[in-house]
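What follows is calculated from the coordinates using simple rules that are stated; it is not laboratory data. All values derive from a computational prediction rather than experimental measurement. Quick reminder, even Gly has a Cβ in these numbers, built from the backbone with ideal geometry, and neighbours come from all protein chains shown.
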Amino acid sequence: MPNRSKNTKGSGKSRPIRVIIAKPGLDGHDRGAKVVARALRDAGMEVIYLGLRQTPESIVDAAIEEDADVIGLSLLSGAHMTLVPRVVKILKDRKVRGISVFAGGIIPDEDARRLRSMGIKAIFGPGATLESIIHQVRQTAGRHAA
Amino acid sequence: MPPDPLVRRLLKGDRVALAKLITEVESGSPQGTEALRSIYPHTGKATVVGFTGPLGVGKSSLISRMVGHLRKKGLKVGVIAVDPSSPFTGGAVLGDRIRLNLPPGDKGLFVRSMATRGQSGGLSQGTRDTVRLMEAFGMDVVIVETVGSGQSDVNVRDVATTRVVVLVPHLGDDIQSLKAGLFEIADIFAVNKSDLPGAPEAVRHLREMAGILMARTSWRADVVECSALNATGIEDLWKSIERHEEFARKDSSAREELAERTAKELRELVQHKMDERVRLLLSEDEGMQKLIQEVSEGRIDPYSGSELLLGRITGLPSKSPPKRKTTPRSAR
Ligand SMILES: Nc1nc2c(ncn2[C@@H]2O[C@H](COP(=O)(O)OP(=O)(O)O)[C@@H](O)[C@H]2O)c(=O)[nH]1
Ligand SMILES: [Mg+2]
């Protein structure tokens, strides 16, 4: 039996946590995002990997269609203060509930504080361990019911 | 009026409702089953096409082109991309969301990635059910992508009327070594990456093979040359799909195949239900707990034990087991 992650979505039956991993913006490589994607998979989650150069709109579209629990945004470009809030705003505008957002990348403390105040549940710097990322994603995914 | 508000929203074309209901049917929840029952009259109308073939041959790229092509015709398209789950953790990386240059929020396209969740065969009941939800949502065409190079993807037959097997030219001489499974399911061969050398040879070769292969029906597999990169051959491929759909509607051997598929689904649904009941009985029923004990102590043999269990489930009398006075097996 595969080891299913506990989740509050669905009718009582547990299903794996579903995570969208995307790298919005224009920067070129997605190694870090891929490492995180694989780690989450190995922790029993279903990861929908969107890859590079996705617009905030297409990320939210995908999250809705995939009925994701969590959106993980990987950023290197320094555009986090525009891209991350944009995703959050689109989720709000479309009245999507039950999808939380986390972000990873090089994000200064001050920005991280502001992002948290906008509802970003978790923020990971380059030094974050995979264990702590897995743990936090599980927590964020479990925090809300459908 | 269906009682479930999600179902009502689905029938009105609400994408969130479709997404949520897919989650329900995928996990086989009672709400999902109930929803499938009430939408059933709205299903069976879409053209359901399976795209299968080895990893990296360009299935997703080709589907992206096909979706663009169909959207231009004004057709609404659902895409289901099936990927294997890890048998060890149950997790999966689903990297198959097709990339399109459609306006964001295009209502005529819905893409869902799906993990096999440990079901053998690479396609689960969840896929069949998701096809139906997409039909009820109003999709004209549903495309199912499965990865594979042989036996495991034969199950694409269970959901799709038309099966496209995607190959590439430089498979060249290796084509013979492809698992027979792929040849058996193909209604159409798409030789993708025809921008690379060797495409005409591959096409000729496949045509010869298709000619000598034993056919399931009176249909002879089409071979279509295309390139997702250069967007060539897409219309040819669609024409071929339509031709096969037309054939499947009219031909009696194709209708027999549909009957087989239906019987298979019924069998699988019953098997699944039985399995759940057996599991429940064995873990929760007191009498069954006793039976397990008696079998494990060697007082009843497992063959008779299983008859007793079956009797409990079907309500039919079973052969009474020979009671043994012998010492338990554990004495060995
Ligand atoms: N040269 C060429 N490359 C292609 C073509 N179609 C797809 N590819 C490339 O083949 C690789 C695998 O494509 P993908 O659609 O992901 O294959 P899949 O695994 O079968 O879904 C990608 O790098 C594509 O860019 C084509 O028609 N010609
Ligand atoms: Mg693919």
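Some points to look at:
- Cross-link pairs exceeding 18 Å in C-alpha to C-alpha distance, out of A:K95/B:K20; A:K34/B:K20; B:K20/B:K45; B:K12/B:K107; B:K72/B:K107; B:K45/B:K250, comprise A:K34/B:K20; B:K20/B:K45.
- Under-5 Å amide H pairs with A:R53, H placed in peptide plane, nonlocal only: A:K23, A:G25
- Projected label points at B:L316 and A:R116, each 7 Å from Cα along the beta carbon direction, are separated by 6.5 nanometres.
- Per-q log10 I(q)/I(0), region B:1-42, q = 0.22, 0.23, 0.26, 0.27 Å⁻¹ (Debye; single scatterer per alpha-carbon; no solvent): -0.61, -0.67, -0.86, -0.93
- About the Cα centre, charge dipole magnitude for region A:18-142 (Lys/Arg +1, Asp/Glu -1 at Cβ), debye: 220
- Where N is the number of residues in chain A, Cα Rg divided by 2.2 N^0.38 Å: 0.96
- For B:E34 and B:E201, a Förster radius of 35 Å and the Cβ-Cβ distance give a FRET efficiency of 0.05, rounded to the nearest 0.05.
- Cβ-to-Cβ counts within 10 Å put A:E110, B:E235 in ascending order as A:E110, B:E235, the fewest first.
- Gained length - A:K92 relative to A:L26, 0.36 nm times residue gap less alpha-carbon distance: 21.3 nm
- Inter-label distance, nm, simple model (7 Å from Cα along the C-beta direction), B:R279/B:L55: 2.8
- Summarising the label geometry, the points placed 7 Å from Cα in the beta-carbon direction at A:A128 and B:R243 lie 5.3 nm from one another.
- Under Karplus coefficients 6.51, -1.76 and 1.60, residue-wise ³J(HN,Hα) of region A:60-70 in Hz, glycine/proline x: 5, 3, 4, 4, 5, 5, 7, 6, 6, 8, 9
- Signed unit charges on C-beta, dipole axis of region A:18-142, positive-most listed residue A:L73, A:A122, A:G104: A:A122
- Neighbour-count ranking [beta-carbon atoms within 10 angstrom, fewest first] of B:Y40, A:Y49: B:Y40, A:Y49
- Note on B:E260 and B:K45: with the Förster distance fixed at 30 Å, the Cβ-Cβ geometry gives a FRET efficiency of about 0.90.
- Based on C-alpha pairs under 8 angstrom that are at least 6 apart in sequence, chain A has a relative contact order of 25 percent.
- For region B:1-42, the relative contact order is 33 percent, taking Cα pairs closer than 8 Å that sit 6 or more residues apart in sequence and dividing their mean separation by the residue count.
- FRET efficiency, B:D301 to B:Q271 (Cβ-Cβ, R0 30 Å, nearest 0.05): 0.80
- Centroid-to-centroid, using Cα positions, region A:27-83 and region B:251-298 are 40 Å apart.
- In region A:60-102, Cα pairs under 8 Å separated by at least six residues give a relative contact order of 61 percent.
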